[in-house]
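I have a structure here, written as C-alpha cells, and I will follow up with some questions on it.
No value in this document is a laboratory result; all are computed from the given coordinates. Everything numeric in this text was worked out from a predicted model, so none of it was measured. Virtual Cβ from ideal backbone geometry, glycine too; neighbours counted across all protein chains shown.
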Amino acid sequence: MDYTDKRQFKKHGKRRSAVVCVPERKKRIRRNQKVPCRKRKRKCKKKIIVTRIVYKQGPPGQQGPPGQQGPPGDASIRIIPDVRRYFFVADTDIDLSNTQMIPANRFINDDGEPVNEFVELGDEGYYNLYVNAVLQEGKIYNVNPNALTIYSNEEVIYASTLIILEAVGFSIKRIH
C-alpha cells in the first residue's frame with residue numbers, strides 16, 4: 001500500500017522509502033531497496049519516491065469465552081441411499097403435443113427384468129428422467145407407481161430413443 005499522508009504513517013507503522021526513476025517503477029520493489037536511476041551520466045528529472053509501510057505484528061489477543069454445548073448427537077445412525085433405474089426404448093414416435101402416459105409394465109430394471117410398478121419414494125427420495133441420456137426438467141413429468149406421465153411440451157420423442165427413469169430413495173439405519 002502506498003500512503004502519502006504522514007498522519008496515516010504514524011497510525012499504521014514505520015515508513016520505508018526508495019527513490020525510483022519513472023521508467024524503473026514498473027519493476028517490483030522490495031522493502032528498503034533503493035533503485036538507482038539507469039541514466040547515471042545525465043541527471044534524471046523524473047524521479048519519484050515510493051513509500052511503503054512496514055507493519056509489525058502485535059501480541060496475540062485474549063482467547064474468547066467457550067461456546068455453548070451443541071445438542072447431543074447419535075453417531076449410530078447411517079443414511080443409506082437406494083438407487084433404482086428403469087429403462088424403456090420407444091418402439092414408435094411419442095408425440096408430446098398432448099400429455100403422454102407410459103405404463104410401468106413397459107419398463108425393465110437394472111437386471112433386465114420387467115417391472116410391474118415403480119418404487120414409491122414419498123418425501124424420502126426423488127426421481128430423475130433422462131431422455132436420450134439428457135436429464136429433463138422436473139416440471140415436465142410426474143411419476144406414480146403405475147406410470148410415467150410426460151406433460152405436453154410440443155416435442156417428439158422419436159422411435160428407438162432410450163428413456164431412463166432413476167429413482168433415488170434414502171433410508172436410515174440404526175447401528176447398535
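Can you tally the net charge around Asn146? Count Lys and Arg as +1, Asp and Glu as -1, for every other residue whose Cβ sits under 13 Å from the Cβ of Asn146.
-1
Sticking with this one: For region 73-176, which trypsin sites (Lys or Arg not before Pro) are both in a DSSP coil and crowded by at most 13 other Cβ atoms within 10 Å? Show your work: numbers first, answer last.
On the way: sites: Arg78, Arg84, Arg85, Arg106, Lys139, Lys173, Arg174; in loops: none.
Of the trypsin sites (Lys or Arg not before Pro), not one in the loops of region 73-176 has a Cβ with at most 13 other Cβ atoms within 10 Å.
Now, a different point. Could the peptides 109-117, 122-130 be put in order, highest first, of the mean number of other beta-carbon atoms found within 10 Å of their residues?
122-130, 109-117
Say each of Asp91 and Asn105 gets a label point 7 Å from the Cα, pointing the same way as Cα to Cβ; how far apart are those two points in nm?
1.3 nm
What FRET efficiency comes out for the pair Glu154/Asn116, r = Cβ-Cβ distance, R0 = 22 Å, nearest 0.05?
Numbers: r = 32 Å, r/R0 = 1.45.
Efficiency computed from Cβ-Cβ geometry: 0.10.
Can I ask one more? Grab the Cα-Cα distance for Ile175 and Lys139, subtract it from 0.36 nm times how many residues apart they are, and report the gain in nm with one decimal.
9.2 nm is the gain from fully extending Ile175 to Lys139.
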